[in-house]
Each structure stands twice: as C-alpha cells, then as structure tokens.
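Participant: This is the structure, below, for whatever I ask next.
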Amino acid sequence: PQFSYTAQKGEAGEYKSRYAPSAVSLTTATPVNVNSIVLTAGDWELYGSISYVLTGATVTYIKASSSKITGTQGKDSQTISSIKSLTTVTGSEIHAIPTIKVTVPERATATYYLVAEAGFSAGTITATGELRAKAL
C-alpha cells in the first residue's frame, strides 16, 4: 500500500509559501520590501526569489535578500548581489535568495522580509517575489 502524509501546523515538514500580490516600484539604491512571511516557533528553512522587470533601465547593480529588519538588506550570507553594466535594458531577471536556517523561540513569531534593491540611473524597475519556509 502507498503511504502519504502531510505535515500539520507546527510539525517538521510544515510548508509555508507567500507570493507578493503585486509588483513594487523601486527607487535607485533604496531597499524595499517585496513580500513578508510570519514564522511560528521552531526551526525553519527560509528561501525564495525575486523577479525584476526592467523597462528602459540603465542598471549598475541588483540585490535580493531575506531580512528580519523591514526595508533593510539582510546580512551578506542572506544576500545575492550581481554587478551589472546594462544600458537601456527592457526585460526581466529572477534572483533566488540564499537559503537560511531560522530559529524562532518558543511561544513567539518572527516576520521575515523579502528585500529588493537596484542601482539604476534611467528607466524603471519593479519587483515581485515569493518567500517559502519549511519547518525542520
């Protein structure tokens, strides 16, 4: 016989996912929250990705991270950064953030943010993304 099990809330294997409902406009060199997720007590694996849409953009860098502090890039180990030298680009890019382990104390919750940032001097850039977490 085949056995199937779905982890219940608070159990190892519990899975949470949150996709940003709409794109956020970026301002050059300014970190912005694209999404957030609330984690309950326990150990979690946190990961996700940001999708950037560039319209006529002249880009110098793009960053994506998870952070416990709103509107702030995460630590270096939580950030993916790419140096660009792109002129008048229209298109899209997806950046996966590094997977991190998060421990939330007993009887507590913690909010983590998906943070986007880009340095650009022309055009527009918007970002949207998804945060995922799996209980360990």
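Participant: At 7 Å along Cα-to-Cβ for each site, give me the label-to-label distance between T103 and A23 in nm.
Facilitator: 4.1
Participant: If you average the sequence gap of Cα pairs under 8 Å that are 6 or more apart and divide by the length of the chain, what percent do you get for the contact order?
Facilitator: 43
Participant: Across every pair of different alpha-carbon atoms, what Kirkwood hydrodynamic radius in Å does the chain reach?
Facilitator: 15.6
Participant: Using only the heavy atoms of the protein chains and a 1.4 Å probe, how would I97, I83, I69 rank by accessible area, largest first?
Facilitator: Ranked list, largest accessible area first: I83, I69, I97.
Participant: Report the local net charge at Q78: Lys and Arg +1, Asp and Glu -1, summed over other residues whose C-beta lies under 14 Å from its C-beta.
Facilitator: With Lys, Arg at +1 and Asp, Glu at -1, the neighbours total +1.
Participant: May I pose another question? Calculate what fraction, in whole %, of the accessible area of the chain sits on carbon and sulfur atoms when a 1.4 Å probe is rolled over the protein chains.
Facilitator: 53
Participant: Moving on to the next point. Can you pull the one-decimal nm distance between simple spin-label points at K75 and N33, each 7 Å off the Cα toward Cβ?
Facilitator: Inter-label distance under the simple model: 2.1 nm.
Participant: So if I take the centroid of the Cα atoms in the range 42-56 and the same for the range 96-136, what is the distance between those two points in Å?
Facilitator: Centre-to-centre distance over Cα atoms comes out at 6 Å.
Participant: Among T30, T109, V89, whose Cα sits farthest toward the positive end of the charge dipole of the range 1-119 (+1 at Cβ of Lys/Arg, -1 at Cβ of Asp/Glu, about the Cα centre)?
Facilitator: T30
The values are calculated or read from the model by the stated rules, or taken from the named source; none is laboratory data. For clarity, every value in this text was computed on a predicted model and none was experimentally measured. No Cβ is skipped: glycine too gets one built from the backbone with ideal geometry, and neighbour counts run over all protein chains shown. Calculation scope for accessible area: heavy atoms of the full protein, side chains included, ligands and nucleic acids excluded. Shrake-Rupley method; radii C 1.70, N 1.55, O 1.52, S 1.80 Å.
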